[in-house]
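The structure appears below as C-alpha cells.
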Amino acid sequence: MVSSAACIAELGRIEDRLAGLGLELPQPFQAPAGLELPFSWVRRSRDLAYASGHGPLDGAEVLVKGKVGADVSADEAYEAARLTALSMLASLKHELGDLDRVAGWVKALGLVNCAPGFNGTPGVVNGFSDLIIELWGESGRHARSAIGASELPFDMSVEVEAIVEVTP
C-alpha cells in the first residue's frame, strides 16, 4: 500500500496536487463592463513574478463578499482566502503557462475587509498561506503581512498580492 505522502511526491506537479485535493482553478478575472484596469494581473521581472491583488473570484463573479466579523464569519473568510489563492494560481498559470514554473513563494500581503473590532486577520489570511504551503511544501513558505481594511474592491472579503520566484 502506498502512503498519501508518497502519492503526492509521485504526482509532483502542482495541478496534480490541486486535483488530488479536489480543487479546480477558476476562470481568470474579468473586469465588470465599463471598467478598465490598466495593469497586469501578473508582471514578470527577471526571476520574479509579481501578482497583483486577487480576491475570491471566478471570472467576473466575486464568490465571497462583505465585512469579516459582520457579514462573513472568520471561517468563511478563511475559505475566501483559499479561493483567493486559487484565483491567483489561475492568473499565474495564464501568465507562465505552467504552475510548475513557480519555484517558490517569496512574499504575500493579505488584506481583510474588516467590520469594526475584528482583529483576526492573521487567521483569515492563513487560508491563503495554508493552501500554498500544502501545494508547494517548504518552497511555499513565504514572508507575509495580514492587514485589516475598511473597504476592498468589489466588496471582496479578502485580497492578497504576492511575489513568487519563477524558472525560465
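Scanning segment 127-139 for residues that are within 14 Å of the chain's Cα centre (by Cα) and either surrounded by fewer than 19 Cβ atoms within 10 Å (Cβ to Cβ) or at pLDDT below 95 (or both) returns ASP130, ILE133, GLU134. I'm checking my understanding of the structure. Among residues of segment 67-104 that are buried (at least 18 other Cβ atoms within 10 Å of the Cβ) and part of a loop (DSSP other than H, G, I, E, B), which one is nearest to the chain's Cα centre (by Cα)? Only one residue fits best here, namely LYS67.
Restricting to segment 105-125, and then to whatever is touching a Gly at 6+ places or on another chain (Cβ under 6 Å) and either surrounded by 19 or more Cβ atoms within 10 Å (Cβ to Cβ) or aromatic (Phe, Trp, Tyr) (or both), can you tell me which residue is farthest from VAL72 (Cα to Cα)? That would be TRP105. Pairs meeting the criteria (first residue in segment 39-58 and in contact (Cβ under 8 Å) with a residue 12 or more places away in the chain and over 16 Å from ARG82 (Cβ atoms), second residue open to solvent by 20 Å² or more (accessible area, probe 1.4 Å) and assigned to a loop (DSSP other than H, G, I, E, B), beta carbons under 7 Å, at least 6 apart or on different chains) are TRP41/PHE29; SER52/PHE39; SER52/SER40; SER52/TRP41. Note on segment 97-121: residues that are farther than 28 Å from GLY66 by Cβ and either at pLDDT 95 or above or among the charged types (D, E, K, R) (or both) amount to 8. Among the residues of segment 154-168, the ones that are open to solvent by 40 Å² or more (accessible area, probe 1.4 Å) and more than 16 Å from LEU83 (Cα to Cα) come to 4 in all.
The values are calculated or read from the model by the stated rules, or taken from the named source; none is laboratory data. Treat the numbers as computed from the prediction; the structure is a model and nothing was measured. For neighbour counting, all protein chains shown are included, and Cβ atoms are generated from backbone atoms with ideal geometry for every residue, glycine included. Please note that ligands, DNA and RNA were not included when accessible areas were found on the heavy atoms of the full protein model with its side chains. Shrake-Rupley method; radii C 1.70, N 1.55, O 1.52, S 1.80 Å.
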